[in-house]
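Undergrad: Before we start, here is the structure in question, set down as structure tokens.
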Amino acid sequence: MDSPVYLSVMKKMVYTPGPSQLYFTAEEHLKQALRDNIPAISHRSRAFQSLFQEATESIRNLLEIPEDFSIYFTGSATEIWDRLIENCVTHESCHLVNGAFSKRFGEQARALGRETHVWEVPVGTAHPIEQMLMPESCELIALTHNETSTGVSMQMEDFSKIRAAFPDQLIAIDAVSSLPYPQFDWSTLDSTYFSVQKGFGLPAGLGVWVANERCHEKAQERRDAGYSIGSYHNLFSLREKAQKNQTPETPNVLGIYLLTKVAQDMLGKGMDMIRRETNYKAAFLYGCFERWNGFQPFVSEPEHRSKTVIVVETVQPSAEWVQKLSDKGFVVGQGYGSLKDHQLRIANFPTHSKESVELLADTIEALL
Ligand SMILES: *Cc1c(COP(=O)(O)O)cnc(C)c1O
């Protein structure tokens, strides 16, 4: 009998931007979790409370999250889009759109009955922040630090400019495919969030929502005014349980455990080192693709090129590159949506070592 198709990524190095290659320590932690019966821990037990506490402390330390931000677990980042709207927006939200993920957040806000103000720029470009206009009535500004579909990144200055221009609005930053890499100035944002199958290199099925007091105040205001703020995952149910180191529902205990362990490993290695390596690997890959015939980085402004999702245009159909590289043991992503056929997307996450990135580049060069 033929092997099932799902075994086709076995023994290959996965460079797709999510899910991606597991963090290199994840396998050991997974084995240990099974030996220690972690998935069988009751979420109402002391054991879970101690895991929850360790998890939130590790994430807080790793990302240097200030004490006035709370950390909550959800099912995914897509869920957090709904939760942000339900808790923090009564009438209007504003969305900076430059690709599929930023667009979808706006669509979800509309599906929840909110009026959305969408500022869309062509794919592959970043928003010229100085030109940003928005009605004062907007309650939340949705930004995407790293648009995974196009490889465009916002810069830290963009966030401080937006905060200075719109001090009354809540600012929510999607950092799903960039964390843990970015070092945020937490005073420029009210909420950020990620899911674990991208930069953290873990099995999908867990979202992490970071929200400050202003988000909670807004939810309170909405609840007091009689609006629905959603059911089991709202900022009150989450906070009430988090104060007891618990979650409202039976959570992904195994996912929370693995995230805790990987966050601790990353802390041990040091975020400075992880950021330096990320910068090095990104510069190396962009340099190669600029030099090689047949490729061109998709984002033309170097300062807006993502460090964690490298997107390049291909002269040959991208499917041919995907196949050739797969034969050599490297799984890379095609472009997203309508950009699929002539783009490749290559993840540059903490688990992708310098050596393996160099090997990937050597392999492409040999195939040119
Ligand atoms: C993957 C991704 C999401 C969605 O994450 P899920 O875990 O699938 O919900 C949202 N935003 C960005 C930028 C992403 O890359």
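Undergrad: Which whole-angstrom value gives the distance between the alpha carbon centres of segment 76-122 and segment 327-368?
TA: 31 Å
Undergrad: Once each part is reduced to its C-alpha centroid, what is the distance from segment 179-210 to segment 215-231 in angstrom?
TA: Cα centroid of segment 179-210 versus Cα centroid of segment 215-231: 24 Å apart.
Undergrad: So what are the ³J(HN,Hα) numbers for segment 294-306, from phi and the Karplus equation (6.51, -1.76, 1.60; θ = phi - 60°), rounded to whole Hz, Gly and Pro as x?
TA: Working through the residues one at a time gives x, 9, 7, x, 5, 7, 7, 7, x, 6, 9, 6, 4 Hz.
Undergrad: Can you give the net charge of the other residues whose Cβ lies under 11 Å from the Cβ of Ala126, counting K and R as +1 and D and E as -1?
TA: Around Ala126, the charge tally is -3.
Undergrad: Of Leu235, Leu359, how do they rank once you tally other Cβ atoms within 10 Å and put the fewest first?
TA: Arranged by neighbour count, lowest to highest, Leu235, Leu359 become Leu359, Leu235.
Undergrad: Something else: Based on the inverse mean of 1/r over its pairs of different Cα atoms, what is the Kirkwood hydrodynamic radius of segment 1-149, in Å? Write down the numbers at each step before the final one.
TA: Values: mean 1/r = 0.0519 Å⁻¹.
Kirkwood radius, segment 1-149: 19.3 Å.
Undergrad: If you don't mind, there's one more thing I want to ask. Can you give the FRET efficiency to the nearest 0.05 for Leu34 and Leu7, using r as the Cβ-Cβ distance and R₀ = 22 Å?
TA: Details: r = 20 Å, r/R0 = 0.93.
Result of the calculation: an efficiency of 0.60.
Undergrad: Still on this structure, I have one more. Within segment 16-125, report the GluC sites (Glu not before Pro) that DSSP leaves as loop and that have at most 14 other Cβ atoms within 10 Å.
TA: Passing both the DSSP loop test and the Cβ count: Glu64, Glu67.
Undergrad: Rg over Rh of the chain, using C-alpha atoms and the Kirkwood radius, what does it come to?
TA: Numbers: Rg = 20.7 Å, Rh = 21.3 Å.
With Rg and the Kirkwood Rh in hand, the quotient comes to 0.97.
No lab work stands behind these numbers, since they all come straight from the coordinates. Computed from a prediction, not measured in an experiment: that's the story for all the values here. Backbone-built Cβ (ideal geometry, glycine too); neighbour counts: all protein chains shown.
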